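Bear in mind these aren't lab numbers, they're just calculated from the coordinates by the rules spelled out. Just so we're clear, the structure is a prediction, and the values are computed from it rather than from any experiment. All Cβ positions, glycine included, derive from the backbone under ideal geometry; neighbour counts span all protein chains shown.
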Amino acid sequence: MSEFKLSRRSLDRLEGIDDRLQAVIKMAITLTKTDFGVVQGMRTIEQQKELVAKGASQTMKSKHLEGKAFDIMAFINGRASWELSVYDDLADAIKEAATQLGVPICWGAAWGTPEMPYPMDIRKWEGTWKTL
């Protein structure tokens, strides 16, 4: 069991997100070796249009618009990190939570393989992104 917990801000950002996905992320924080927070959940059409215009998103059919997606960020020593290797720990925790809860979930950091094209169900994640 981890020492981490979701902040009030992260919990607020889960508002409107599918209950099953919320359950996965709430369990994953208790299983992870790396702290993380939710940086985005639901998006409005206007927010999505802005992201597409800036090139930060590629589609107006984002699952964020339906409450079927959330974005997380790892924190190392209280500071945001984009170090890819720490996201392996997050993938492991999300996989474990999704598996325990029986929730199919695709996660952008769990890139597909030739045998299992993107988007890959996180429950089939087999470890580090470097080996995929």
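Set the Förster distance to 30 Å, then compute FRET efficiency between residue 80 and residue 50 from the Cβ-Cβ distance, nearest 0.05. The pair residue 80/residue 50 has a calculated efficiency of 0.90. Take the Kirkwood radius over Cα pairs of region 1-85, plug it into Stokes-Einstein at 25 °C and 0.890 mPa s, and you get 179 µm²/s for translational diffusion.
Which pairs in the list 5/63; 68/95; 49/95; 5/54 are over 27 Å apart, alpha-carbon to alpha-carbon?
Numbers: 5/63 25 Å; 68/95 17 Å; 49/95 31 Å; 5/54 32 Å.
49/95; 5/54, as the Cα separations exceed 27 Å there.
Exposure proxy for 49, 26: other Cβ atoms within 10 Å of each Cβ, ordered fewest to most, give 49, 26.
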